[in-house]
Amino acid sequence: MAFKITDNNINNSENVYFIGEVGINHNGDINLAKKIILEAKKAGFSAVKFQKRNPEISTPENVKSKLRETPWGEMTYLDYKFRIEFEKKEYDEIDNYCRELEIDWFASCWDIDSLNFLLNYEPPVLKIASASITNKDLLIAHRDSMLPIIMSTGMSTPDEIHKAYTILKNNDLAILHTTSTYPCPPEELNLNVIKTLIQQYPDNPIGYSGHESGLSTSIAAAVLGAKIIERHITLNRAMWGTDQAASLEPIGMQRLVGSINKIITALGDGKKKVYESEISIKEKLRNIDTI
């Protein structure tokens, strides 16, 4: 099955599609969001991703009234979710800014209202968050959009993943391995699941959404065959917010993209050959050739 996001053919490309998960690291500030987008573009990311919710629908009833300390004072969890939620005004700015920078953007929609809202922007792809993988109605609504879909698999059993796959399989579908711990310790990353998913879903691009600290394990995911790499991104990990600690700052974004692109180039095609650059060395060093 072909899987194409704008001009990027994920299946057939030797390159990795890099997604910078802005998520809610903007803390409700559109200017901060635009600064993060710009850093992602500078670093060479293919896309930035946000999270869209109708907090009244998507917030569990048992936490709506719980009090939370925030930079804006103590408020209920529901009020906090509304406080950081972008609406049409902000997404209009994001849409225009990303078009100006020529970087893809889309969002993970946590409810059908949010999905219908996002579709007005004609996104190149949709994202199913790990938290939504068992939401049958939401999966069906995504399926009916007929758009390409990227699905994360954190907190999910193989059976849950396959049930979601059976709903979405007629769409162009990419599947991301992830562990939904923020930040995730190395012993729980289980990167070899990438190889398992490649074997189980050979017609679908397999990727990796990382929530760990550092870069090395995300780089390893690309070596294992991940065609899509997603990492949370921010300007400063010391900023307030639950996802900041597991996010990459601008220098980390640059190192991630640069390192993976260099390694993908270095992996080559697997066919042993004598390179032109080796010939003069061969003539200099090999004085016996009897086999």
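List every residue pair whose Cβ atoms sit under 7 Å apart, with the two residues 6 or more apart in sequence or on different chains, where the first one lies in the range 159-171 and is under 16 Å from Ala141 (Cβ atoms) and the second, anywhere, is of a type in the set (Phe, Trp, Tyr) and part of a helix (DSSP H, G or I).
Filtered contacts from the range 159-171: no entries.
Please determine, by comparing only the residues of the range 70-88 that are farther than 20 Å from Cys109 by Cβ and acidic (Asp, Glu), which one is surrounded by the most Cβ atoms within 10 Å (Cβ to Cβ).
Among them, the one singled out is Asp79.
Taking the range 16-25 as the region of interest, how many residues are assigned to a strand (DSSP E or B), among the hydrophobic types (A, V, I, L, M, F, W, C) and closer than 18 Å to Ile264 by Cβ?
Count: 2.
Would you mind finding the one in Gly207, Gly258, Gly268, Gly252 that is without any contact (Cβ under 8 Å) to a residue 40 or more places away in the chain, of a type outside the set (Phe, Trp, Tyr) and either within 17 Å of Ser152 (Cα to Cα) or surrounded by fewer than 18 Cβ atoms within 10 Å (Cβ to Cβ) (or both)?
Gly268
Hey, any hits in the range 134-152 for a residue that's surrounded by 23 or more Cβ atoms within 10 Å (Cβ to Cβ), farther than 19 Å from Phe18 by Cβ and in contact (Cβ under 8 Å) with a residue 12 or more places away in the chain?
Yes, there is a match, as at least one residue in the range 134-152 is surrounded by 23 or more Cβ atoms within 10 Å (Cβ to Cβ), farther than 19 Å from Phe18 by Cβ and in contact (Cβ under 8 Å) with a residue 12 or more places away in the chain.
Out of the residues in the range 237-249 that are in a loop (DSSP other than H, G, I, E, B) and among the polar types (S, T, N, Q), which is surrounded by the most Cβ atoms within 10 Å (Cβ to Cβ)?
Ser247
Looking only at the range 180-204, which residues are buried (at least 18 other Cβ atoms within 10 Å of the Cβ), in a loop (DSSP other than H, G, I, E, B) and not aromatic (Phe, Trp, Tyr)?
Cys184, Leu189, Leu191, Asn204
Mind listing whichever residues of the range 143-178 are of a type in the set (D, E, K, R), out of contact with any strand residue (DSSP E or B) (no Cβ under 8 Å at 6 or more places or on another chain) and in a loop (DSSP other than H, G, I, E, B)?
Lys169
Which one is surrounded by the fewest Cβ atoms within 10 Å (Cβ to Cβ) among residues in the range 213-227 that are outside any helix (DSSP H, G or I) and at pLDDT 95 or above?
Just the residues of the range 213-227 that are outside any helix (DSSP H, G or I), to begin with: 213-215, 224-227.
In the following step, the residues that additionally are at pLDDT 95 or above were identified as 215, 224-227.
Details: Leu215: 17, Leu224: 16, Gly225: 14, Ala226: 28, Lys227: 24.
So the residue we want is Gly225.
When the range 258-291 is examined, which residues are found to be among the β-branched types (Val, Ile, Thr) and within 29 Å of Phe18 (Cβ to Cβ)?
Within the range 258-291, the first condition is being among the β-branched types (Val, Ile, Thr), and the residues that meet it are 260, 263-265, 274, 279, 281, 288, 290-291.
Matches in the range 258-291: Ile260, Ile263, Ile264, Thr265.
Could you list all residues from the range 94-125 that are of a type outside the set (A, V, I, L, M) and assigned to a helix (DSSP H, G or I)?
Going through the range 94-125, the residues of a type outside the set (A, V, I, L, M) turn out to be 95-100, 102, 104-106, 108-111, 113-114, 116-117, 120-124.
Of everything in the range 94-125, those that are of a type outside the set (A, V, I, L, M) and assigned to a helix (DSSP H, G or I) turn out to be Asp95, Asn96, Tyr97, Cys98, Arg99, Glu100, Asp113, Ser114, Asn116, Phe117.
Determine which single condition Gly28 fails, assuming it passes every other condition in (1) in contact with a helix residue (DSSP H, G or I) (Cβ under 9 Å, 6 or more places away or on another chain); (2) farther than 30 Å from Ser259 by Cβ; (3) assigned to a helix (DSSP H, G or I); (4) touching a residue at least 24 places away in the same chain (Cβ under 8 Å).
(3)
The values are calculated or read from the model by the stated rules, or taken from the named source; none is laboratory data. Just so it is clear, the structure is predicted and the values come from calculations on it, not from any experiment. Every residue, glycine among them, receives a Cβ derived from its backbone with ideal geometry; neighbour counts consider all protein chains shown.
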